[in-house]
Amino acid sequence: MNFARILRGLAAGAIATFVLPVTMALAGPYPDRPITLIVPWGAGGGTDATARILASILQEDIGQPVNVVNRTGGSGVVGHSAIAEADPDGYTIGLATVEIGMMHWQGLTKLDYSAYTPLALVNEDPGAVQVSADSPWKDLPSLIEAIKADPGKYKASGTGQGGIWHLAIAGLLSKLEIDPTAVPWVPSKGAAPGLQDLVAGGVSIVPCSIPEARSLLEAGRVRSLAVMSETRNAAFPDVPTTKEAMGVSWTIGAWRGIVAPKGISDEQAQTLIAALKKAYDSDEYKTFMSKQGFGIRWASGADFGTFMKESNETLGEVMKTVGLTK
Amino acid sequence: MRFNDAVLGGALLVFSIVIGLWSQSFPAIPGQEYGAAVFPATVATGMGLCSLVLIVSGLRQKGVALAFAGWAQDWRGFVRILVVIASVVFYIAAAKPLGFIPTMTLVLLANLKQLGVGWLQSIVIAIAISLLIQWSFGDLLHVPLPWGILSAYRF
Amino acid sequence: MDTLEAAFGLILHWDVVTTIAIAAIFGLFVGAIPGLTATMAIALLVPTTFFMDPVPAIGAMITCSAMAIFAGDIPGTMLRIPGTPASAAYADEAFRMTQKGEAEIALGANLLFSAVGGLFGTAILMLMAPWLAEVALKFSSFEYFWMALLGLTCATFIGTGAPIKGLISLFIGLLVATVGLNNPAGVPRFTFGDINLLGGIDFISAMIGLFAVSEVLRVAASGARSLPVPQASVGNLFKGWGRLFVRYWPQQLRGNILGTAIGVLPGSGADIAAWVSYAVSRKFSRTPEKFGTGHLEGIVESTSANNAALGGAWVPALVFGIPGDSITAIVIGVLYVKGVNPGPTLFLTNPQTIYAIFLIFIIANLIMVPFGWGAIKLAKQILRVPPKILMPVILSFCMVGAFATNNATFDVSVMLVFGVLGFIMEENDIPIAPCILGIVLGPMLEQNFVTSMIKSDGSFLAFFERPIAAGLGLFTLFVWGASFVSSYLAQRRAADDPSPA
């Protein structure tokens, strides 16, 4: 029959293509083909934008295309799993975000930071306390007083239930020895809808990062009372840190970093870290991040690993106090 | 392949009861009355009510439980549907190890052949379309279609 | 006038014009491919805009998105595969026109009314942006809840035949939307412990399955013996347009207004605008029985609406930096990078850039006509291919399109399951359109219901406490009441009338 002959032909072709690449793969230094960069969040967000600018600078340096691939869904679980499960051949890397230190505490996955080879931390944006410009609160102490006087009355929003900004406000309250449930959390699909609800009068507080609130801050519609970091934001130097405002040190933020699946060779990791360092130091990256209002922070290899470990533990602690752990 | 409304309603009723009971196991938001269960339970209730109406109207219509009309009178229609489904399942299983181009070529070949397209035409179309998709989606639009056994010849 | 001159000066450069032309072709291409949305087209453009000046960068994005939304109508009309979700509302209706040999009429109307809708949205953006943005900012979860409920009410207007089967289809869609982790409580639902299901069921893969794969299955079942339907040629497109414009001006105007209004509201965009407009068109039509049989009226209204929504979405984006839809979410990022910071002051400090943006909107909608006409003429050749060859090829594009939505084979499985589901549903006269509307609006309805209940500490009264919410709520209740009364009266009349229907 005709079909048998075709099958034989196909098989021969398949064998030929199987044997050839083995011999060819030995040629050429790493990387000799395009690299895939997995992003666990959707096209259009800040994470996606950061990944795309990094990828476009990176590919100039390493001479191979770096393709950004969005794997969204499940509050980042799907994409983070895809990075961890990719072949550790150095041709699939990913952009991990702060959520990697949160979702396993919630019992959504077993996956945590230890599933990756850390390459480089490239950004961190601390949380800040935003209130509507129409609200009576001009500084953090007066807001805290109001919360203490009327627990449960003032609601906060800006991300999903148990998201990073939920933990930011809950952690701040527990640092101030107030029950974190005194500010009930209203889950939203992100900072933008949360801020919209703040201006519309639906909620009272949005503890998101300053770059996320930037256009409304500049339009005079919202007020930032304090930023949850060691230092003030360069673009908004009038906003005090929580330590300056309340006398307690509370730092928390959303971070982004490039990781590879566990098991990639040291050589490849070093090549990528060197290329990432160049990209991080480039003018394009610095200008892009500062124009977006995003903070930049660098840590590579083992330092980044330690950073993820610490972030993981801090977040776990807060989630336990708020009762979000499983 | 038309089910009597009563049969359809019965199946949907069972389905909505399962969903309704299942959603009762979802936890509430801490400190809130309305949690993950409210919405699916409400929808399941609505669906259950609709399926009751469907059962009643189906019983009134009488008629057979499952009617075969049109294509469904010929058993080959079912075979063709199964081939389409099987070819997609084959793609899902084989795309990664085999690579996009060989897998899609086989999928196209199977479907073209079963609809009565000649061998030469089928093979040419199957290969041409697979290459075209690999080039347009994979290359121009950066969709990471797997190369599989053809990894050495990527373009 | 000086500002306008300066704005023209910004645009009339060869590099701006070339960029716009290339972006137009790119948008047409991406929009016409199922699974690749207008949002994806814009995301793919982002890296190239890093190396452009502000005006060409923004121009490329505006042109690309307008083209992509129109181009989504082409495969929707010819093959019943909506190229973008915004075309899903009337894909079935337009496909029935193709089956009658009227593909060119349908696509010509799509093109004309897309362009006019886009221009209308632009005009509103130019004249009323700051004022409208203020209104949009007054919307909180209470108002959105009523909006979503009103939208769902439309589902009962969309379905033809038995309303009970339309409702069942809607409920299936709503249940599909609950799968996964993306719910207010943040707990996994109906996932069977599967990581992929944790991410929920992707709307685009489901849509490709319900519309296109079910059609492939139907053609395969009958053996694809039929020959291509001969298509009437319209010849001079512009001649027919005048007539269409006169005939459908009320539908078109209503579609434009509704589309712009829905576009202005953050979080709802072109796809929801098209659904609502189609339903409204049917509700107010003098010949609602013709809907679903290949009737132009509803197509005109919703194709106007989805392009008008694009302009509307820029209102909150430019004035407050709040994205009106997923496309403007990306654009805002690019605006910042280019130093065009969105905000009320943008209109004062940088008027020539704003005017340049407006002008590009106008140009984009004008060049849509020649470019789109070329695309229609080219694409029409596909309809000459015999179904036995076309169907396998469509199947392959569906599979790649589903894969491309998330770059995962899991989405191909979703597509297959929904293909079979859609096939069974249509075999049993259950319409698929309400199911898709349920998948689109389900999350919005649940999110806003639950968050409203949290904010009001569990009091239902809060849904009527804010003025806009109370208005929308009463209107929703009124629509429901009116529908019940009219269907009751229709039943009475049917009972009184002894002659068989």
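The values are calculated or read from the model by the stated rules, or taken from the named source; none is laboratory data. In this text the structure is predicted, and so the values were computed from the model without any measurement. Virtual Cβ from ideal backbone geometry, glycine too; neighbours counted across all protein chains shown.
Residues are listed down the side, and each one gets a yes or a no for (1) assigned by TED's automatic domain parsing to the domain that holds B:PRO27; (2) assigned to a helix (DSSP H, G or I); (3) touching an Asp or Glu at 6+ places or on another chain (Cβ under 8 Å); (4) not acidic (Asp, Glu):
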{"residue": "B:VAL43", "(1), (2), (3), (4)": "yes, yes, no, yes"}
{"residue": "B:CYS50", "(1), (2), (3), (4)": "yes, yes, no, yes"}
{"residue": "B:ARG60", "(1), (2), (3), (4)": "yes, yes, no, yes"}
{"residue": "B:GLY63", "(1), (2), (3), (4)": "yes, no, no, yes"}
{"residue": "B:ILE85", "(1), (2), (3), (4)": "no, yes, no, yes"}
{"residue": "B:TYR91", "(1), (2), (3), (4)": "no, yes, no, yes"}
{"residue": "B:ALA110", "(1), (2), (3), (4)": "no, yes, no, yes"}
{"residue": "B:ILE127", "(1), (2), (3), (4)": "no, yes, no, yes"}
{"residue": "B:GLY138", "(1), (2), (3), (4)": "no, yes, no, yes"}
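The single condition among (1) free of Cβ contacts under 8 Å to residues at least 12 places away in the same chain; (2) more than 10 Å from chain C (Cβ to nearest Cβ); (3) closer than 24 Å to C:VAL417 by Cβ that B:PHE68 does not meet is (1).
Within the set C:PHE95, C:PHE29, C:PHE8, C:PHE51, the sole residue that is under 30 Å from C:VAL246 (Cα atoms) and of a type in the set (Phe, Trp, Tyr) turns out to be C:PHE95.
Filtered by the rule that a residue be over 25 Å from B:PHE155 (Cβ atoms) and at the interface with chain C (Cβ under 10 Å from one of its Cβ atoms), segment B:94-120 gives B:ALA110, B:ASN111, B:LYS113, B:GLN114, B:LEU115, B:GLY116, B:VAL117. Checking each residue in segment A:202-224 for being touching a Lys or Arg at 6+ places or on another chain (Cβ under 8 Å) and more than 20 Å from C:THR345 (Cα to Cα) picks out A:GLY202, A:VAL203, A:SER204, A:ILE205.
If you go through segment B:140-151 and keep only what is within 10 Å of chain A (Cβ to nearest Cβ) and within 13 Å of B:ILE101 (Cα to Cα), you end up with B:PRO144, B:TRP147, B:GLY148, B:ILE149, B:LEU150, B:SER151. If you go through segment C:439-453 and keep only what is over 10 Å from C:PHE145 (Cβ atoms) and either surrounded by 23 or more Cβ atoms within 10 Å (Cβ to Cβ) or more than 11 Å from every other protein chain (Cβ to nearest Cβ) (or both), you end up with C:ILE439, C:VAL440, C:LEU441, C:GLY442. When the residues of segment B:20-41 are filtered to those that are farther than 24 Å from B:VAL7 by Cβ and not in a loop (DSSP other than H, G, I, E, B), the one that is farthest from the other protein chains (Cβ to nearest Cβ) is B:ALA41.
So which residues in segment C:168-198 are at the interface with chain A (Cβ under 7 Å from one of its Cβ atoms) and hydrophobic (A, V, I, L, M, F, W, C)? Matches in segment C:168-198: C:LEU181, C:ALA185, C:ILE195, C:LEU198. If the condition is being assigned to a helix (DSSP H, G or I) and in contact (Cβ under 8 Å) with a residue 24 or more places away in the chain, then segment A:146-171 contributes A:ILE147, A:LYS148, A:ILE164, A:TRP165, A:HIS166, A:LEU167, A:ALA168, A:ILE169, A:ALA170, A:GLY171. Any chance segment B:119-134 includes a residue that's among the β-branched types (Val, Ile, Thr) and touching a strand residue (DSSP E or B) at 6+ places or on another chain (Cβ under 9 Å)? No, segment B:119-134 has no match at all.
Among the residues of segment C:21-48, those identified as closer than 24 Å to C:LEU366 by Cα and among the small types (Gly, Ala, Ser) are C:ALA21, C:ALA23, C:ALA24, C:GLY27, C:GLY31, C:ALA32, C:ALA38, C:ALA41, C:ALA43. Being under 17 Å from the mean Cα position of the chain (by Cα), within 26 Å of C:ILE376 (Cβ to Cβ), at pLDDT 85 or above and of a type outside the set (D, E, K, R) is the requirement here; does C:GLY294 meet it? So C:GLY294 does not fit the description; no. Total residues in segment C:412-438 satisfying the condition of being under 22 Å from the mean Cα position of the chain (by Cα), closer than 20 Å to C:LEU395 by Cα, of a type outside the set (A, V, I, L, M) and facing chain B (nearest Cβ under 10 Å): the figure is 1.
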